[in-house]
Amino acid sequence: MKKVMLKLLSAAAMVGMIATSVQADEAAMAAAGAEVFKRCQACHSTDSSKNAFGPSLIGVVGREAASLPRFAYSEALKKSGITWTEDNLRQWVADNTKLVPGTRMRHVSISDIAEQDYLIAYLKTL
Ligand code: HEC
């Protein structure tokens, strides 16, 4: 019985260790994403839900496109019917004017998958 308990305890400890390292990875990814986000910061504020030149990106992951009430979105984005899933965010940062022709957002092109991963990890923290 004791042996079984010990085994269970060590299994639990291992799960705990794995969980901790996953969290550490996510934190490191988000930190790297904050660097990538410097290319977005001029237009998107992150310290509040205020809109700047671009709409606030707080809570953007999972949000419907063009859904903030106090931002003057382009007709193109309003009609896009997009939800900001991870996949759509990837396509957006890779080539926003291709995903939504006619968007008001200046063209960005982050095609590096790792950079996209970092950026999305960071956006999730907002
Ligand atoms: C030059 C200013 C500018 C830069 C730089 C910029 N954006 Fe934008 N962004 C905008 C504007 C303006 C809009 C609104 C677009 C529209 O209405 O068509 C927008 C919209 C968005 C949206 C849609 C939000 C919503 O509420 O639907 C996302 C997501 C987004 N930007 C992410 C980014 C990311 C990530 C970067 C950096 C890689 C970035 N933007 C860089 C100006 C900018």
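The values are calculated or read from the model by the stated rules, or taken from the named source; none is laboratory data. Model, not experiment: these values are computed from the prediction. Here the Cβ is made from the backbone with ideal geometry for all residues, glycine too, and neighbour counts use every protein chain on show. Surface areas here come from the heavy atoms of the whole protein model, side chains and all, with no ligands, DNA or RNA. Shrake-Rupley method; radii C 1.70, N 1.55, O 1.52, S 1.80 Å.
Residue by residue, the range 56-66 carries 3J(HN,Hα) couplings of 4, 9, 5, x, 5, 5, x, 7, 6, 4, 6 Hz when phi is fed to the Karplus relation 6.51 cos²θ - 1.76 cosθ + 1.60 (θ = phi - 60°); x denotes Gly or Pro. Multiplying the residue separation of residue 76 and residue 113 by 0.36 nm and removing their Cα-Cα distance gives an extension gain of 10.7 nm. The number of Lys pairs in the chain with C-alpha atoms less than 29 Å apart, excluding pairs fewer than 8 positions apart on the same chain, is 14. Accessible surface of residue 47, taken over heavy atoms with a 1.4 Å probe and every protein chain present, rounds to 140 Å². For the chain, a Gaussian network of Cα nodes joined below 10 Å ranks 31, 52, 13 by mean-square fluctuation, and the top entry is 13. If you sort the three axes of the alpha carbon gyration tensor as a ≥ b ≥ c, you get a/c of 1.5 or more for the range 14-86 and a/b above b/c, which makes it prolate. The per residue volume of the convex hull around the alpha-carbon atoms of the range 2-124 is 127 Å³. Simple rule: put +1 on each Lys or Arg Cβ and -1 on each Asp or Glu Cβ in the chain, find the dipole, and look at 68, 92, 109; the Cα lying farthest toward the positive end is 68. Rounded to the nearest 20, the Cβ-based charge dipole of the chain about its Cα centre (Lys and Arg +1, Asp and Glu -1) stands at 320 debye. The label-point distance for residue 47 and residue 67, in a model that sets each label 7 Å from Cα toward Cβ, rounds to 2.7 nm.
Scanning residues 5 or more positions from residue 83 or on other chains, those with amide H under 5 Å from its amide H are 65, with H placed 1.01 Å from N in the peptide plane.
The share of accessible area on the chain that comes from carbon and sulfur is 61 percent, using a 1.4 angstrom probe.
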